[in-house]
Each structure stands twice: as C-alpha cells, then as structure tokens.
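See below for the structure under consideration.
The values are calculated or read from the model by the stated rules, or taken from the named source; none is laboratory data. Remember, it's a predicted structure, so these values are computed and weren't measured experimentally. All Cβ positions, even for glycine, are placed from backbone atoms using ideal geometry, and neighbour counts span all protein chains on display. Ligands, DNA and RNA are excluded from the accessible area calculation, which covers all protein heavy atoms including side chains. Shrake-Rupley method; radii C 1.70, N 1.55, O 1.52, S 1.80 Å.
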Amino acid sequence: MKNQILLLALLLNGVAVLAQPVNRPTYAMMITMAEEQMQKLDYYRALEWYEQAYEESKDASLAILMADLNYNLRDYKDASRWYSRALRPNKRNKDLDKWQDKAFEYARSLKMEGKYDEAIEEFDKYLKTAKDPVRIELAELEKVGCEFAKVAKPQDGVNVLHCGKEINTQNSEYSPWLSNDNKQMFFAGFGTNDLIVIDEKNVEDVPTKILQSSRSDKGWGEPKPLDEGINRPGFHNVNVSLSPDGKRLFFNRALLTGNVLTESKIFVSTGGGGSWKPAEEVESLNGDYIAKSPCVGELFGKEVMFFVSNMEGGQGGYDIYYATYKGNGQYADPVNLGPKINTVGDEDTPFYRDGILYFSSTGHPGIGGYDIFMSTWNGTMWSKPQNMGLPYNSSADDLYFMLDKEGYHGLLTSNRIAEGARSLMSRTTTDDIYNIILKKIEANLVALSYDLETKEPLNGVSVELYEVNENGNKLIETKTNKSGNNFESPLELDKSYLLIGSADNYENDTIDFNTVGLYDSKTFDKRLDMKPGRKTITIRKEEPFVLENIYYDFDDDKILKTAEPDLNLILGLMGQYPEMVIELSSHTDARGGDQYNRDLSQRRAESARRWLVNKGVDRKRIVAKGYGESVPKTVDARIVQKNPFLKEGNVLTEDFINALLPDTTKFEAAHQVNRRTEFTILSGPTSITIEEEKLIQIGNRKVDENLPKEQPKDGGKKPSPSNRLHKNQTPGGDSIPSFPSIEQAAQQAPQIHPLSSLYGKKDLKGLPIMQFDERIVDFGNVKKGEIREHVYTFTNLGEVPLAIDIASGCDCTTLDYSTAEVKPGRKGTIKVVFDSSKKDEDETVDVDIYLKNLDPETGAPIFERIQYTYHLVK
C-alpha cells in the first residue's frame, strides 16, 4: 500500500490544459508558479511549469526535481528520461557529483520499464560511489531481480486478465477481495471516471471508499459504496479483507498529509452478506505507528491477524507482523515475521491460504517494483520466499494477491501496461484490478479388480484409498461393489496415494502411485489383481482389542515411533467409520503405587488420544481412560499363541504373576502382557474386520527384549518375591531399579518436550532450554463458574539467559509472568488462573509462550507451550 495509498493524492489530480498567456512569463515567474502548484498538491500542473522553466535554463537541478516527481508519480518512462538528462555529464551540469545517488532511482525507473540490461548497467554505476548500506543492499538485490526477469517465462495455465471497465475506472482501484461464494467483490476506489481535483482545501473531502460489486451471469455489476458506518467521511477507507467465515470485514481508515501517509488504523465490522454493522477500531492492533493491510490467517493452530506496520524494531521500512486472536475482539502483542519474510525494503499486502503466506515485497529479488511472493508454513517456520514469476508479476507494481477457496480464481492489483488498463495520466500511474484464472487440472482414479488366477473380473472387492504422507496414511474413501468390479474417486494434486483391495478368501493387493507434477488432467487406470487366500481378525463392539505396538519409555507418556503403525491403523478406522466412538485405555503392571500407576496410565491414554486429535480426529470421538493396575488382562488365544505357558482364561493378577517365580522370564512376560493399550468400540459399527497384514508386528518375541527387566541382585541370584520391587517402593508403574530417576535423567541431559519448538533439534548449543516441573496440569473436576489456578515452575537448562516476550491463552485464562531474564540454572514461574464460567465442555487449554530469544535456524522466536485440562461438572 506504500506506493498506493501514499500517492492517492498524487495520482488523482486534474490535468487541465494550461492556457498560455499572451505575454510569455519569465523564468522566475515559471518557478514561482510551479512552487505554488506544489503547495496546492497539484503536481502535474507543477510539472508543466517546471518543464517550461527547464526549456529556458536547461538547469540540471530542475531535471532532477522533475525526475523525482515523475518517479513518485510512477511515471517511470518520464522519470528515466529526466534522470538521464540530469545525470548526463556536460559543461552545464556542474553539480553532477552531488546527484550521483539518484542513479539508484534512475536504475529502478529503467527496471520498471522492463529495460533490464540498461538497469543493471546503471545499478553498477551507482554501486561504484554508493555509501548508504541499505541502498547498496537493495541495489544488489535489484540486479539479481533483473537477471531473473531476463530469463523468466510466463507459467502455463495461468492467465491474468483486466477486470474490465465495470470494476476499473480511469482512477485507481485497490485491495480486491472475493466473498466466499465468489458472487461479491469488495475493493477500494473512487468509483468514478471523472477527473478528481485534490488541493489543500478539499484533500480530506474526496477520500477513497470501500465498494461492493455483485456478479451475475452478465458479469460484475456497478460497484456501490458501503454506508458511512464503514466509509467514514474525511478518511481514506482502504485495504479491505474478510474473515474465512465471511462474517467480519477488516479495513483501514487512513489520513494523508500531502503525499505522506500519517495515520492508518485497523477497523472491523461484523455482519455479512449485504448488511454490515458500524465499524469499530481494533485497538489491540493499533498504536503509535502505521497499521495497514489486515488479513486473517492461522499459526500454531490458532487464528492470527497478519498486518503491515512501520513500528520500531522492524527489518526495514514496512514489515509484516502477526498477532494471535484472544477472543472478544482482542489480540496479543504483534510479532514480527522475522528476516526470512521481512527485508530492508518494504513488505505489504499479506494474504494467507492453507498454510501459505502470499505477500508483495520490494526487498526480495523481483521482476518489477513490488513483486508477489509466497512462503509455506510447516508448523514451526516459514520457507524461503519464492517469487511467483510471470504472469503474476510484471515490471511494474503487483500487490493485493488473493485466491478464492478452490484456488483457481483470484485477484490482484497492478499498474502494469496491459490490454484494457485505464489511466487518466501515464500508463503506469494508476492501479487496476486484474482477474487471475488458473487452469483447473483434475486427477481421477479408476480401479478395476480381477482374480489373479482366472483373470476374470472380481466383484465384491472392498477398495480403500489412502493419502500417504510423513505423518502416516489418511483414509480418503472406501467402497465395496457387490455387483461390479470398478472403483472411481477424484484425486488431489501433488499427493501420494496407496490403494488397497481386499475380499473374502483373497489376499490384499496394494498399489502405490502419486499425482505429483501434473500439467494436464489425467485419469489413473489401476488394476487390482487379487490372489485367493487371506486371514482376518474381527474386532467386536465393547470387546477391548490390544494394540500390541504401543509402548512407552520408562516412567514416560510420550508416543514412540514404534507406536505409530497401530495409531495409524486406528486413524484409518476412524476415517472409515466416521460415526464410531472408541475408548483408548492404558494399563500398567502391578509394580509401583496404585495412584501413581493410575495417573501414569491416564497420561499415556491422553497422549495416544492427543496424537489422533492432532491428525484430525474429533476429540469427542475418543474417550481416554487410564486404569493403572486395576484391570489385569484375561488371557485369550492370541496371548497363548505368544506365551504357551499361559492358558486361555487366566487372569493375570499380582498373585498369579508372583506364583510364576522363580522363573523370571515368565514373570516378566506376564507383567508385559498387563502393560498394554487397548481400544474398544463404544458406539458405531458392531464389528470391524481387519486383515492381519495391517497389524504390523514389531518383533515376534514372546518377551520383548528391548523392554526394561528387573536386574538380578545379590551377586546375580535370581530375584525372589522378597527382593523384587513391591508396591509403593518406588513411584512409577513399569519401574525397574536399574533405571535412573527422572531427576537424574534431567541432570544428565536436557529433555526437550514435544510442545517446544526446539523439539527434535540435535544442536542446542547457545540456546535457552525451558524445562517445566509440570508442563501439563489436570485440574480434575471443575464446576462451571469455578476458578482454578496453578503456578508452573520452569528451569533454564540452557547455556544463555532466556526471557519471555509474550504469553497468551484463551479468554478464559489470565496469566501472570515476568519478562525479566532468567539466567542459566535459575527458575521462573508462570501463574495461570482459569475461569470456567465461559466453558461448556471438557477441554485441554493451550498457553502459548514466545521467548525474546530467536531460533538461529529460522529467525523466529522460540516457542513453548504449556497446557491444563479439566472435566466440567455442570
């Protein structure tokens, strides 16, 4: 918006033909008239007087002045013409040395004309004498952009077309935004083709307005301004955007002093459709700085507001920030997106869609002035911004990129030279709105099933289609054709898939394929060859089924990699049976204290549930229950198969297991059977049939050699009931004396929790490590309206001081914490007060903590999360 809104007054002045007086004015009169027009903000008329004065004097200082005026008016052709004259060595140009810095603007003007070789030559000249480090960096980036522009090719399947005169006038239009149904377009403009004269008397009386146009079969209708509840007189009303649900309209009210943006604040109106309430200022986003270009997005699983500001502490001119939404119209403190996104130049007009941030920048290497870039969020950091290339970008300014929900139609604003572009002045001085139309590439699957031996079509095959990614397999569709052998399904682009065919008395057949890199629509024809013979296992409602691969580290509740196959199996079943509700239960052996074992098993069950919820399963469909040691396992046929010393029907009570001694192998094996995670169908299908091949077994040993075992004492003698670990001796079900305590383990090496952005990092040198005594707290039963509080204590186990910048939770949470430094080895606290009056159901509440310390790999603040859970009693 910098060049856009800053120059609204410049771009829209009248250019009436200046009548020549009978007596030609003197040079002094010409200069006086030009200066008067400058004071009146009538820059075009001032240019006319300056040009006449230059013809009289050939004064190079006038050429520089006119070059600067044209440059700011974005008339790059005239700007480069005047810069060329002013910077050309000649006898009259005695002050050439003091204008050498203007070679930067000259080079940029040439670049904006698309004269890339000439621009590179002038940037090189500028760099020989330049002293400003910021402009030197920008000049080097501009050269890179010129080289990129010289080889850039327009992308196939992308068309950028002028929106036409129904939307675009001969004045400028800005910030287009489509409604969710694509039937309404909101944008900012004057809504008239008439010549608008702005001077010092009426500069506040002719502001831009937010307009709305409706689309019919005939195209876009005449734009109508929103009412004065949105378009307040005396302000420029610009930069409109909608929330994802279309019920909140965000925009800026801005003021200009001359051609300088002196005030811009973010406002919001609620409503939707054709009715909007009077706008209110979003005070928590505004301050003693410019705040513009608001756009709703999502980070760390929470709604955020992306916006642009020149507040202190940024990377350059205008930077992109985000602020987390706290509810009730309130936002947390703004956070700069960091040096990967923001540069020494200007970043503007952010747009967020499906994990991708689109924005315009003058500080990343570009084809023109403002170029459109994209960066992908992976959950912890942004990718390196990528120039979107031609035809999204041009040699001019390209901003306000946005896409609709499907991603095949979008809009942008540009002052490019293009068919249909309209302007009262030079071809690049005003902005128009352009349609973006992407070729819709479709991928479809057609799978046919055959008997492998007879080669005949096979009916009754159940076909499952999974999307494959690094987090496991996601069931997309399942279908059984009793009277046909074909399976058809639409596919998404740039995805990997797994196709599984299954049928009674046949082995499964699987096919891997992907839709990566398609440039045209394609139908994937696949053949499932079913080999006779297979085995199945049936899981029935209300009968617990043991997940044999879900193990945990000693005294811990973290999900291990070895557990993911079983959890992925459940994830697939939850997708296959969307009405199914299950219980995930965790059980310990009888060693350790009763209450401790119950608490540990509850945490483990919740950990498994959290894993599935993070993959997209509705939390209400999973009941997490920790039984501790209270439900010993009853031996079934599968257990007997692995442990022949047991008999079907045996109940593995503590007395039963103790009687197995002194045979420690059987003793440990029985305890291992009790240490289990089970899943039970509570509602939904009465039974589920699963192929044994899906139940991936990790090892086939009767006793898992990798699990901790009780160590012999007394010189290697076998343990007896008197020297083995008893209840209440050491806390922690599954605990073994030879393992270190949690405190000892913490002293040996800091353990990074999965709720920390440092989780998974191998090199923690030079980083603060925030280790909490308790990171997840259970408030237990809470009556609605009751207040609970807890003080989280943490220790800095890192090598450098840490400091909290911002901590935020939901509107039910009040936080008290210090932002002072916590030195290595020292402790700090965060007090959490929970008000349950606004809650209607059980929940796990996140408290997000952003440190002032930055991750050197990403340039983003280090992020920590603590949680509390509760069970609401009404």
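Condition first: in a helix (DSSP H, G or I) and either open to solvent by 60 Å² or more (accessible area, probe 1.4 Å) or hydrophobic (A, V, I, L, M, F, W, C) (or both). Now tell me which residues in segment 125-137 satisfy that. Break it down into steps so the answer makes sense when it comes.
Within segment 125-137, the first condition is being in a helix (DSSP H, G or I), and the residues that meet it are 125-129, 133-137.
Listed by number, the residues that qualify are 125, 127, 128, 129, 133, 134, 136, 137.
Could you tell me whether residue 489 is of a type in the set (Gly, Ala, Ser), assigned to a strand (DSSP E or B) and closer than 30 Å to residue 638 by Cβ?
On the way: of a type in the set (Gly, Ala, Ser): yes; assigned to a strand (DSSP E or B): yes; closer than 30 Å to residue 638 by Cβ: no.
Spelling it out, it is not the case that residue 489 is of a type in the set (Gly, Ala, Ser), assigned to a strand (DSSP E or B) and closer than 30 Å to residue 638 by Cβ.
Just give me the residues in segment 452-470 being in a strand (DSSP E or B) and without any contact (Cβ under 8 Å) to a residue 60 or more places away in the chain, in sequence order.
457, 462, 465, 467, 468, 469
Looking at segment 589-611, I want the residues that are closer than 18 Å to residue 869 by Cβ and have a partner that is open to solvent by less than 10 Å² (accessible area, probe 1.4 Å) and assigned to a helix (DSSP H, G or I) with Cβ atoms under 7 Å, at least 6 apart or on another chain. Which pairs are those?
608/567; 611/567
Go through (1) within 17 Å of residue 586 (Cα to Cα); (2) open to solvent by 60 Å² or more (accessible area, probe 1.4 Å) for residue 652 and report which single condition fails.
So residue 652 meets the others, but not (2).
Going residue by residue through segment 132-155, is there one that turns out to be touching a residue at least 12 places away in the same chain (Cβ under 8 Å) and over 34 Å from the mean Cα position of the chain (by Cα)?
Checking segment 132-155: at least one residue is touching a residue at least 12 places away in the same chain (Cβ under 8 Å) and over 34 Å from the mean Cα position of the chain (by Cα).
Say we look at segment 436-446 and pick out the residues that are open to solvent by 30 Å² or more (accessible area, probe 1.4 Å) and part of a strand (DSSP E or B); which of these is farthest from residue 525 (Cα to Cα)?
Among them, the one singled out is 437.
If you go through segment 84-95 one residue at a time, do you hit one that is touching a helix residue (DSSP H, G or I) at 6+ places or on another chain (Cβ under 9 Å) and modelled with pLDDT of 90 or more?
Yes, segment 84-95 contains at least one residue that is touching a helix residue (DSSP H, G or I) at 6+ places or on another chain (Cβ under 9 Å) and modelled with pLDDT of 90 or more.
State yes or no: is residue 792 out of contact with any Gly (no Cβ under 8 Å at 6 or more places or on another chain), of a type outside the set (Lys, Arg) and open to solvent by 20 Å² or more (accessible area, probe 1.4 Å)?
no
Within the group 449, 394, 423, which residue is free of Cβ contacts under 8 Å to residues at least 40 places away in the same chain and either farther than 30 Å from residue 503 by Cβ or in a strand (DSSP E or B) (or both)?
Among 449, 394, 423, only 394 is free of Cβ contacts under 8 Å to residues at least 40 places away in the same chain and either farther than 30 Å from residue 503 by Cβ or in a strand (DSSP E or B) (or both).
Residue 479 versus (1) closer than 23 Å to residue 178 by Cα; (2) among the basic types (Lys, Arg); (3) without any contact (Cβ under 8 Å) to a residue 24 or more places away in the chain: which is the lone unmet condition?
Evaluating residue 479 over (1) closer than 23 Å to residue 178 by Cα; (2) among the basic types (Lys, Arg); (3) without any contact (Cβ under 8 Å) to a residue 24 or more places away in the chain leaves (1) as the failure.
Please find, within segment 317-355, the residue that is most open to solvent (accessible area, probe 1.4 Å) out of those that are over 23 Å from residue 247 (Cβ atoms) and of a type in the set (A, V, I, L, M).
Going through segment 317-355, the residues over 23 Å from residue 247 (Cβ atoms) turn out to be 317-321, 333-348.
From the residues that got through so far, the ones that are of a type in the set (A, V, I, L, M) too are 320, 335, 337, 341, 344.
On the way: 320: 0, 335: 14, 337: 12, 341: 0, 344: 36 Å².
Across segment 317-355, the extreme among qualifying residues is 344.
Condition check ((1) acidic (Asp, Glu); (2) under 21 Å from residue 427 (Cβ atoms)) across all residues:
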{"site": "71", "(1), (2)": "no, yes"}
{"site": "75", "(1), (2)": "yes, yes"}
{"site": "109", "(1), (2)": "no, yes"}
{"site": "112", "(1), (2)": "no, yes"}
{"site": "129", "(1), (2)": "no, no"}
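Being at pLDDT below 80 and open to solvent by less than 70 Å² (accessible area, probe 1.4 Å) narrows it down to one of 5, 64, so name that one. Break it down into steps so the answer makes sense when it comes.
On the way: 64 fails: at pLDDT below 80.
Going through 5, 64 in turn, just one is at pLDDT below 80 and open to solvent by less than 70 Å² (accessible area, probe 1.4 Å): 5.
Name the residues in segment 837-874 that are hydroxyl-bearing (Ser, Thr, Tyr) and closer than 17 Å to residue 336 by Cα, would you?
Matches in segment 837-874: 850, 858.
Can you list residue pairs whose Cβ atoms sit under 6 Å apart, with the first residue in segment 100-111 being over 16 Å from residue 132 (Cα atoms) and the second being crowded, with 24+ Cβ neighbours inside 10 Å and of a type in the set (S, T, N, Q)? Count only pairs 6 or more apart in sequence or on different chains.
109/80; 110/80
Scan segment 366-388 for residues that are over 15 Å from the mean Cα position of the chain (by Cα) and of a type in the set (D, E, K, R) and jot them down.
If the condition is that a residue be over 15 Å from the mean Cα position of the chain (by Cα) and of a type in the set (D, E, K, R), then 371 is the only one that fits.
Taking the condition outside any loop (DSSP other than H, G, I, E, B) and closer than 22 Å to residue 285 by Cβ, does residue 376 pass? Even if it seems obvious, please write down each step before you answer.
Numbers: outside any loop (DSSP other than H, G, I, E, B): yes; closer than 22 Å to residue 285 by Cβ: no.
No, not satisfied.
Filter segment 263-317 down to residues that are assigned to a strand (DSSP E or B) and of a type outside the set (S, T, N, Q), then give me how many there are.
27
Looking at residue 140, is it at pLDDT 95 or above and open to solvent by 50 Å² or more (accessible area, probe 1.4 Å)?
Yes, satisfied.
Has segment 660-668 got any residue that is within 50 Å of the chain's Cα centre (by Cα) and over 21 Å from residue 569 (Cβ atoms)?
Yes, there is a match, as at least one residue in segment 660-668 is within 50 Å of the chain's Cα centre (by Cα) and over 21 Å from residue 569 (Cβ atoms).
Filter segment 497-512 down to residues that are loosely packed, with under 15 Cβ neighbours inside 10 Å and at pLDDT 90 or above and give me whichever is farthest from residue 453 (Cα to Cα).
Among them, the one singled out is 512.
In this structure, is residue 381 surrounded by fewer than 20 Cβ atoms within 10 Å (Cβ to Cβ), among the aliphatic types (A, V, I, L, M) and under 22 Å from residue 144 (Cα atoms)?
For residue 381, the condition - surrounded by fewer than 20 Cβ atoms within 10 Å (Cβ to Cβ), among the aliphatic types (A, V, I, L, M) and under 22 Å from residue 144 (Cα atoms) - is not met.
Can you find even one residue in segment 334-354 that is part of a strand (DSSP E or B) and under 23 Å from residue 853 (Cα atoms)?
Scanning segment 334-354 turns up at least one residue that is part of a strand (DSSP E or B) and under 23 Å from residue 853 (Cα atoms).
Conditions tested, residue by residue: (1) open to solvent by 70 Å² or more (accessible area, probe 1.4 Å); (2) under 28 Å from residue 378 (Cα atoms); (3) part of a strand (DSSP E or B); (4) touching a residue at least 24 places away in the same chain (Cβ under 8 Å).
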| site | (1), (2), (3), (4) |
| --- | --- |
| 806 | no, yes, yes, yes |
| 832 | no, no, yes, yes |
| 837 | no, no, no, yes |
| 841 | yes, no, no, yes |
| 846 | no, yes, yes, yes |
| 851 | no, yes, yes, yes |
| 856 | yes, yes, no, yes |
| 868 | no, yes, yes, yes |
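Starting from residues that are open to solvent by 60 Å² or more (accessible area, probe 1.4 Å) and of a type in the set (D, E, K, R), keep the ones in segment 531-557 and report whichever is modelled with the highest pLDDT.
In this case the residue turns out to be 531.
Report whether or not residue 119 is buried (at least 16 other Cβ atoms within 10 Å of the Cβ), touching an Asp or Glu at 6+ places or on another chain (Cβ under 8 Å) and at pLDDT 90 or above. First the steps, then the outcome.
Working: buried (at least 16 other Cβ atoms within 10 Å of the Cβ): yes; touching an Asp or Glu at 6+ places or on another chain (Cβ under 8 Å): yes; at pLDDT 90 or above: yes.
Taking the combined requirement at face value, the residue satisfies it.
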